[in-house]
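See below for the structure under consideration.
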Amino acid sequence: MRQERRKLCDDYEVEAILGQGGFSVVRKGISKSDGRNTQVAIKTLKRFGYSPPGMPKTGFPTWKQVSISDALLTNEILVMRKLVEDVSPHPNVIHLHDVYEDQSGVHLVLELCSGGELFDRIVAHKRYCEVEAAVVVRQIAQGLAALHRASIVHRDLKPENCLFLNGSDSSPLKIMDFGLSSVEDFTDPVVGLFGSIDYVSPEALSQVGVSPASDMWSLGVILYILLSGYPPFHARSNRDKQKMILAGDFSFDELTWKTISSSAKQLISSLLAVDPHRRPTAQEVLQHPWVIGDSAKQELMDSEVVSRLQSFNARRKFRVAAMASVMSSRVFLRTKKLRSLLGSHDLTPEELENLRVNFKQICAEGDNATLSEFEQVL
Ligand code: ATP
């Protein structure tokens, strides 16, 4: 699949930016060669780290051999290749068409998802019902079942990594972004350092025994938010949130949850079991009466659920944008936490102060939680 001599621009017209991640930029592309002008998404994983000469061509290099961006890049490609071999095409997993490589980095040619992110689509409705939420859960569980059958653990399942293929009401939902994923006996999992811990399982937080069950925990968090509009583990600081996650300390408060079916609550409780062995597998979730639709309510949920989800979603987007802009700064790559992983870089007090000032500007809208998250990284 990866043919290094071909050029991306020979085969695709590269168009507008669709989005940006910490280490990537995604652009729309149009195929020149298939005669059908197929639209695709081109995800360019920027290479801005140093890889020492003689790095092994096979196997996964260790942290000491590569920069963080190269590690994420290599991991994503290895996982995407495994996906092509063992999973694709699956209606609920993003499809990789091709891979190109040049000096700027690696370009993944992906199926274009033009239907938007999961929560964006939901908040566009005034109200929705449990049956619609069950359709979402069913699609994610189908994608996870396929990944887990291929021994791939996603490890970063969250609503922004679930995109609709197109704008139609019956559009499939696709799981994407395999930058932090792991393949059993194949890749070393890359340690997830950034972003929200809202969806992270207790075992992933303590970095022991991450398994397919860890993705099921994340699905439980997504389902909780879908039915309430707020996350199950909510605290002022990340440290307190971590404690709550590790203890599985969440509840169904009476006011919000009294009208939600007991079957949905039972499913959430089983997915948010601290012991991963007690969580249902993706295949088991697909047999669950609520997911099948038998016990999911058809009545519209309280409109408050959508308005809470709206503000949760807006806040999340702001946080992602702030983190992305900080992460894309080279200086950020030299923060203390990364230094401890990567070794020898030094950050002067002036550079540190500059970084703080920059970040405070980014947080000018007053998102103190983001600021305190950032301070913890520092
Ligand atoms: P990171 O790479 O740091 O984990 P990320 O997951 O936000 O961050 P990407 O996977 O690079 O980054 O995606 C960036 C944005 O590009 C996404 O938020 C999404 O809006 C858009 N995007 C990614 N893949 C596609 C796709 N296949 N089709 C349409 N848009 C996409």
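We did not get these values from a lab; they are worked out from the coordinates using the rules stated. All values reported here derive from a predicted model rather than from experimental measurement. Cβ atoms come from the backbone with ideal geometry, glycine included; neighbour counts cover every protein chain shown.
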- Message: At a 10 Å Cβ-Cβ cut-off, how would you order His95, His107, His234, His277, fewest neighbours first?
- Response: His277, His234, His95, His107
- Message: Quick check: the distance between the Cα centres of region 230-290 and region 78-127, to the nearest angstrom?
- Response: 27
- Note on the structure: In this structure, among Lys7/Lys82; Lys265/Lys297; Lys241/Lys265; Lys43/Lys174; Lys126/Lys297, pairs with alpha-carbon gaps over 19 Å are Lys7/Lys82; Lys241/Lys265
- Quick one: compute a quarter of the convex hull surface over the Cα atoms of region 251-292 and quote it in nm². 3.2
- Message: Restricting to DSSP loop positions (anything but H, G, I, E, B) with no more than 12 other Cβ atoms inside 10 Å of their own Cβ, which trypsin sites (Lys or Arg not before Pro) remain in region 188-270?
- Response: Arg236, Lys258
- Could you state the orientation-averaged shadow area of the convex hull built on the Cα atoms of region 126-255, in nm² to one decimal? 9.1
